[in-house]
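One structure is given below, encoded as structure tokens.
Read-outs: derived from the displayed coordinates by stated rules, not from any lab. Everything numeric in this text was worked out from a predicted model, so none of it was measured. Ideal geometry is used to build each Cβ from the backbone, glycine not excepted, and the neighbour counts take in all protein chains shown.
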Amino acid sequence: MKVGLIGCGAIANIIVTSTLDDENIEITHFFDNDVERAENLASIANGIAVIDFDKMVREVDLVLECASPSSVVEYAPKVLSSGRDMIIMSIGALMDKEFYTSISKIAKDNNSRVHLPSGAVVGLDGLKAVSNFNLHEVNLVTRKSPKSLGREIDKEEVLFEGKASDAVKEFPYNINVAATISLACNMDINVKIIVDPNVDRNVHEISAIGDFGEFKTTTMNYPCAANPKTSMLAALSAINLLRSFNETISVGF
Ligand SMILES: NC(=O)C1=CN([C@@H]2O[C@H](COP(=O)(O)OP(=O)(O)OC[C@H]3O[C@@H](n4cnc5c(N)ncnc54)[C@H](O)[C@@H]3O)[C@@H](O)[C@H]2O)C=CC1
Ligand SMILES: O=C([O-])CC(=O)C(=O)O
């Protein structure tokens, strides 16, 4: 499977360096606004730094976006209308209902698929399983360091409290997990974002209550060295998804 990347930053670097020896995943094309980043990663993987985006789409089987919400809006319609599948990391973009409906239609009409990795949280398997069984309430509390949230404070502070659809607008690079959870359970979930000088991890706590019972998950992520906003688990979940395309027996759904 030939894969083209949109975005050659923290997530892309982990994905590429971790799959170099994987015979089923061939990351061949590297696209970034910052051409030097594309060239650096292309040279590690012996691939091509892309100038012509449309040509890249023609030459790959799948496009993996790990760039920005605006790149999803710009490129997803092109990729999906060409019949290529797409993995999206900047999932916040899909909280816009009109955009979600539009790319769903494009994908359906062109026999292409959109894959959203679980990203930087655990628990989506359970949430999906219970989502149609009278799920009453889902809450996410995200706690990050001042460095991750780009703040200079010395005591804990609640930066946001509200719905996921508003959280992704205010924090487009920090709370894609809220969008993923919302899409998994078809509910605009409750989100609280806390900046905490006493943590050095990106912590996401999910609690869900419904007719099935109740669950809580806590994910305490190490941030990526190259981008403290982003957790390593986000990149690892994308690798896991890429590998799952070749599995005969699928576990964990
Ligand atoms: N789904 C999830 O759980 C998570 C999603 N993310 C999201 O994944 C995306 C990538 O994250 P990182 O690798 O940490 O970011 P990064 O900032 O390290 O790298 C992003 C790269 O994409 C490039 N880029 C941005 N917009 C572009 C565009 N329109 N066209 C071409 N290149 C563009 C930038 O120049 C940069 O090199 C971000 O949107 C981030 O918010 C991050 C963490 C968790
Ligand atoms: O990586 C993380 O911990 C979460 C994150 O940035 C996001 O959801 O956008």
Dimensionless Rg ratio for the chain, taking C-alpha atoms and the 2.2 N^0.38 Å reference | 1.00
Fewest to most Cβ atoms within 10 Å: V16, V199, V130, V168 sort as V199, V130, V16, V168
What are the trypsin sites (Lys or Arg not before Pro) within the range 67-115 that DSSP puts in a loop, where the Cβ has at most 15 other Cβ atoms within 10 Å?
-> R113
Please list, or write none, the aspartates and glutamates whose alpha carbon is within less than 16 Å of the alpha carbon of K147, excluding same-chain residues fewer than 8 places away.
-> E156, E157, D196, D200
Average Cα contact separation per residue, the chain, under 8 Å, 6 or more apart, as relative contact order % | 20 percent
Take each of the peptides 242-252, 152-162, average the number of other beta-carbon atoms within 10 Å over its residues, and list them starting from the highest.
-> 152-162, 242-252
Amide H neighbours of I194 at under 5 Å, excluding residues fewer than 5 places away on the same chain, with H built from the backbone geometry, are T142, R143, K144, L159
Normalised Cα Rg of the range 124-227, dividing by 2.2 N^0.38 Å with N its residue count, works out at 1.09
Just tell me which lysines come within less than 22 Å, Cα to Cα, of K163; anything on the same chain fewer than 8 places away is out.
-> K97, K128, K144, K192, K216, K229
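Which of S43, S112 has the fewest other C-beta atoms within 10 Å, and how do the rest follow up to the most? Kindly include the intermediate steps, with their values, before the conclusion.
Details: S43 11, S112 20.
Listing S43, S112 from fewest to most nearby Cβ atoms yields S43, S112.
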For the range 157-169, 3J(HN,Hα) per residue [Karplus equation, 6.51 cos²θ - 1.76 cosθ + 1.60, θ = phi - 60°, Hz, x = Gly/Pro] = 8, 7, 8, 8, 9, x, 8, 4, 4, 7, 4, 5, 6
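Listing M95, M187 from the residue with the fewest other Cβ atoms within 10 Å to the one with the most, what is the order?
Working: M95 23, M187 18.
Least to most surrounded, the residues fall as M187, M95.
Suppose every K and R has +1 on its Cβ and every D and E has -1 on its Cβ; what is the size of the dipole of the chain about the Cα centre, in Debye to the nearest 20? All intermediate terms of the calculation are to be shown ahead of the outcome.
Values: 23 positive and 34 negative charges, 53 e Å.
Here the chain has a charge dipole of around 260 debye.
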